Amino acid sequence: MTFRDFRGRIFVFGKSSAFIFLIIFNSFPTMKQLILKGVENLGLNRLSRFWTRRCLLGLCYHGVVQNQSPPNDARTRIAVTVSQLEEQLRELRKHWNPVSSQQIRDAIEKEIPLPDRAVHVSFDDGYSNNLLLAAPLLNRYEIPATLFVTTNFIETQNQLIWSLELHERLSVFSGTQLSLAGQLYSLDPPETPKRTEQALQLLQIAKSLPMADRETLLQFLRERTKPDLTPKWKRELYTFLSWDELRSLQKKGIEIGAHTLSHPILSQLQPQEIDRELRESKNRLETELNKKCDLLAYPFGSENDFSDLVVNTARNIGFRLAFTLQEKRNNAQLDAMRIHRICIHRELSLASFQALISGVRNALFQQQDS
Ligand SMILES: [Zn+2]
């Protein structure tokens, strides 16, 4: 917990002593873990699960890796380890009722109710590690899952989705300063944990820029950086599935949905581009997998990343269930084109995961902390 975060939170939440109390707890991870374990042991998670039992919980994963390597590198934050995924799936099997996308559709369209404590598991982007490392665990714990794939990247080598490319290039850029959105940022040495963290923060700023400015930044970095994608951990993290691998996942019972062609921020696109990103990714999946595709996950998926126009276009094209990343659980009254999901990443200890998905943790702590 940095001094800046600490100050930031006081600034955001004002000077109420209750908030300051929570902020102090946020600053001591060990104390926080003890509290979260106490929350589980006292049965608060169970109570919260009961209280919210009619709410559908959506979970979104991305990559799964054998080991987190190198440690404290923000580029690996998006991936969970195999052992993390296993303990989380075991938890879901034990206390929750995993449901498929089809069951959610049936709940909405045919009024076949979902079980209490329903949880939906999905994986975004289309990484090869989903087949190699996640699929066997999903099979072992009999947990249905949906994969949302960015179709332009399937079967490609050494290509990164633009946001990961930006994170990668910002992490290796040799400069000591960078001007972004009219502000000058000092940079730590390249390829250090601090730099990868800074790169992640700069990426968040870049995401709010107009597309043309972001392209200019990417071009600037492409001319000055040459990321090495050959280390084993990067290959494990970044390699995309092939079409044959996707067909094999489909045969294993995994549902496959669209995640656009190129992973844009859909709300920033012109109407005809929104239509193309959605329609062509759907068509490609239907051709390659020989199956109707009516599932969609909006790239990035937060409130600002898609719009009513995006939702209406998706519905008109034929998508019947669409998933967000709005970090909240769903009301009993489901909105088919806005099924919310919570993003799961590597910082979560088991106690944090338990408290996060039961809803206790958000009441106590900030989302991004372990
Ligand atoms: Zn994505």
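For region 224-242, a tally of residues being more than 22 Å from the chain's Cα centre (by Cα) and more than 14 Å from Leu132 (Cβ to Cβ) returns 7. Among residues belonging to region 238-253 that are away from the ligand (no atom under 14 Å from the Cβ) and surrounded by 22 or more Cβ atoms within 10 Å (Cβ to Cβ), point out the one that is nearest to Gly126 (Cα to Cα). Filtering first and then ranking leaves Leu246.
The condition of being polar (S, T, N, Q), buried (at least 18 other Cβ atoms within 10 Å of the Cβ) and touching a residue at least 24 places away in the same chain (Cβ under 8 Å) holds for only one of Ser171, Ser262, that being Ser171. For Cys293, the conditions (1) surrounded by 17 or more Cβ atoms within 10 Å (Cβ to Cβ); (2) under 19 Å from the mean Cα position of the chain (by Cα) all hold with the exception of (2).
Of everything listed in (1) at pLDDT 95 or above; (2) more than 16 Å from the ligand (Cβ to nearest atom), the single unmet condition for Tyr61 is (2). In region 341-359, the condition of being in the same structural domain as Arg284 (by TED's automatic domain parsing), under 15 Å from His259 (Cα atoms) and touching a residue at least 12 places away in the same chain (Cβ under 8 Å) is met by at least one residue. Of the set (1) out of contact with any helix residue (DSSP H, G or I) (no Cβ under 6 Å at 6 or more places or on another chain); (2) more than 16 Å from the ligand (Cβ to nearest atom); (3) within 25 Å of Ala332 (Cβ to Cβ); (4) not small (Gly, Ala, Ser), all apply to Ile143 but (1). With respect to Ser262, is the statement that it is out of contact with any Phe, Trp or Tyr (no Cβ under 9 Å at 6 or more places or on another chain) and of a type in the set (S, T, N, Q) true? So Ser262 fails the test. With respect to Gln88, determine if the residue is more than 16 Å from the ligand (Cβ to nearest atom), polar (S, T, N, Q) and outside any loop (DSSP other than H, G, I, E, B). So Gln88 fits the description; yes. Among the residues of region 216-259, which ones are in contact with a strand residue (DSSP E or B) (Cβ under 8 Å, 6 or more places away or on another chain) and either of a type in the set (Ser, Thr, Tyr) or on the phi > 0 side of the Ramachandran plot (or both)? Those that are in contact with a strand residue (DSSP E or B) (Cβ under 8 Å, 6 or more places away or on another chain) and either of a type in the set (Ser, Thr, Tyr) or on the phi > 0 side of the Ramachandran plot (or both): Tyr238, Thr239. When the criteria are applied in full, Asn283 fails the requirement of being more than 23 Å from the chain's Cα centre (by Cα) and either buried (at least 17 other Cβ atoms within 10 Å of the Cβ) or on the phi > 0 side of the Ramachandran plot (or both).
Here's the yes/no breakdown for (1) more than 15 Å from the ligand (Cβ to nearest atom); (2) in contact (Cβ under 8 Å) with a residue 60 or more places away in the chain; (3) not hydroxyl-bearing (Ser, Thr, Tyr):
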residue: Glu277; (1), (2), (3): no, no, yes
residue: Asn283; (1), (2), (3): yes, no, yes
residue: Tyr298; (1), (2), (3): no, no, no
residue: Asp305; (1), (2), (3): no, no, yes
residue: Asp308; (1), (2), (3): yes, no, yes
residue: Thr324; (1), (2), (3): no, no, no
residue: Arg338; (1), (2), (3): yes, no, yes
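The criterion of at least 2 residues that are among the charged types (D, E, K, R) is met by the following helices (runs of 4 or more DSSP H) wholly inside region 268-370: 271-289, 308-317.
Within region 250-265, the set of residues being of a type in the set (Gly, Ala, Ser) and either out of contact with any helix residue (DSSP H, G or I) (no Cβ under 9 Å at 6 or more places or on another chain) or modelled with pLDDT under 95 (or both) is empty.
The one condition from (1) over 16 Å from Ile339 (Cα atoms); (2) in a helix (DSSP H, G or I); (3) modelled with pLDDT of 95 or more that Leu131 does not meet is (3).
Looking only at residues in region 114-126 that are touching a strand residue (DSSP E or B) at 6+ places or on another chain (Cβ under 6 Å) and assigned to a strand (DSSP E or B), the one that is nearest to the ligand (Cβ to nearest atom) is Asp124. Only residues that are assigned to a loop (DSSP other than H, G, I, E, B), in contact with a helix residue (DSSP H, G or I) (Cβ under 9 Å, 6 or more places away or on another chain) and of a type outside the set (Asp, Glu) were counted across region 168-191, and they come to 7.
The values are calculated or read from the model by the stated rules, or taken from the named source; none is laboratory data. On a predicted model such as this, the values are computed, not experimentally measured, just so you know. Neighbour counts are summed over all protein chains in view; Cβ atoms, including those assigned to glycine, are modelled from backbone coordinates with ideal geometry.
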